[in-house]
Amino acid sequence: MREPVDLRRQRILAVVQSRGATRVSDLAAELAVSVVTLRRDVEELAREGKLRRGHGVARPVLPEPGRAAVPVEPTADGGPVAVVVPERHSYLYEALHGARTAFEEAGIRIALHIAPAVAGAEQPIVEQALAAGARGLLIAPRWRSRTTEEADYAWLARLPVPAVVMERRPRRGSALHAVDTVCTDHWYGIHLAVAHLTGLGHRRIVLAARDDSPTARALRAAFVEIAADHPDVDKWAVALSSPGAAPDPAAETAEKPIDLPSLLAELGATAAVLHGDVDALMLVQSLRDGGVRVPEDCSVIAYDDVVAGLGSTPLSAVSPPKAEVGRAAAQMLLRRLDGRSPVLGGGPARRLELLPTLQVRGSTQAPGAADAQASDATGTSGATSASQ
């Protein structure tokens, strides 16, 4: 499906604002469009005064380094709310739709900003949004690593307008601890997955997860805690779900992906929880290519439930309340905007967690169930159960 022009131009602005002067040819390659298309986009954005262009280069319209941005007077209606989310993040785009409905009902415009996959990309985007008159901020920083997360705490805590951090849980005791946040209770999501699998009789479970976002790190920590303490889990392991799922795959210290069929065989595992629907669908295909049937040989639960149900075998999935998270975050920000003080209005800071649900589909079943059914069909007895 072709990307909407407005979204593509938001991404162009995000890249240029975060990196500075950028070659048009490089932008075209990165955004997977022709140079001719990219040049038209840059010309239109320059005509609108959103960036500067010249000799094959796009430049941001930002203050000179070391100079403070000059605030722009808000518009008559108080200015829009800036919403900043990472590029190509379907999970957070669903949350964005929930937020948009709440703002529309309140009669407040939003200004959407797409942050590219570059460390520190959000700060210049937010600065420009505030300079343009944004009266509030709803943000979901990418935070690929703990280092990049910590680097953003100080400037986010000093924002002169009300802000809500969405689907991110800042470290306890950090500068952002007292900032409003709305997120999914991912510990509970892993609890649902493990409880479902152990309820079916699975005793050895693998988590194949990413490690390049706060959600990924929360899922890993939750799985380790739950699996280690669960009386019905005999063995467990955590693996990286794909080569690009680490904060810096090229680093010598980066965790390396493990061949999932081999890990399952080594552990004698009969079930897996896979983080990220796309990674989950690809790993299921990898299992099948390795001769592992889903769910006959291995039950699978995906985590995200954006496209998990669209696989050739629809995947059971933990489903965070994505739209509800966005709507709750918008309502929390609206509560701040209604207060007399732009920052302290509406009372003390809040940290809200919403519980995910488990959608059971065709990718989970009791271990050995298929063999038992086959034996019954042929009139034999003593079906061989999966390794315990």
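If you bin all the Cα-Cα distances of region 1-55 at 5 Å, starting from zero, the percentages per bin are 4, 20, 37, 29, 8, 2, 0.
Distance between the 7 Å Cα→Cβ label points at ALA221 and VAL118: 3.0 nm.
Can you give the FRET efficiency to the nearest 0.05 for VAL36 and HIS177, using r as the Cβ-Cβ distance and R₀ = 35 Å?
0.10
With the radius of gyration and the Kirkwood radius both derived from the Cα set of region 169-235, what is their ratio Rg to Rh?
Numbers: Rg = 14.1 Å, Rh = 13.3 Å.
Rounded to two decimals, Rg over Rh is 1.06.
Put a dot 7 Å past the Cα of LEU263, heading toward its Cβ, do the same for SER286, and the two dots end up 0.8 nm apart. Of the accessible area of region 116-185, computed with a 1.4 Å probe over protein heavy atoms only, carbon and sulfur atoms account for 52 percent.
With each label modelled as a point 7 angstrom along the Cα→C-beta vector, the ARG350-ARG53 pair spans 4.5 nm. Accessible surface calculations at 1.4 Å, restricted to protein heavy atoms, place region 176-319 at 37 Å² per residue.
The values are calculated or read from the model by the stated rules, or taken from the named source; none is laboratory data. This one's a predicted model, so the numbers in the text were calculated from it and none came from an experiment. Counting neighbours? That spans all protein chains shown, and the Cβs are built from the backbone with ideal geometry, glycine included. Heads up: the accessible areas ignore ligands, DNA and RNA and are worked out on the full protein's heavy atoms, side chains in. Shrake-Rupley method; radii C 1.70, N 1.55, O 1.52, S 1.80 Å.
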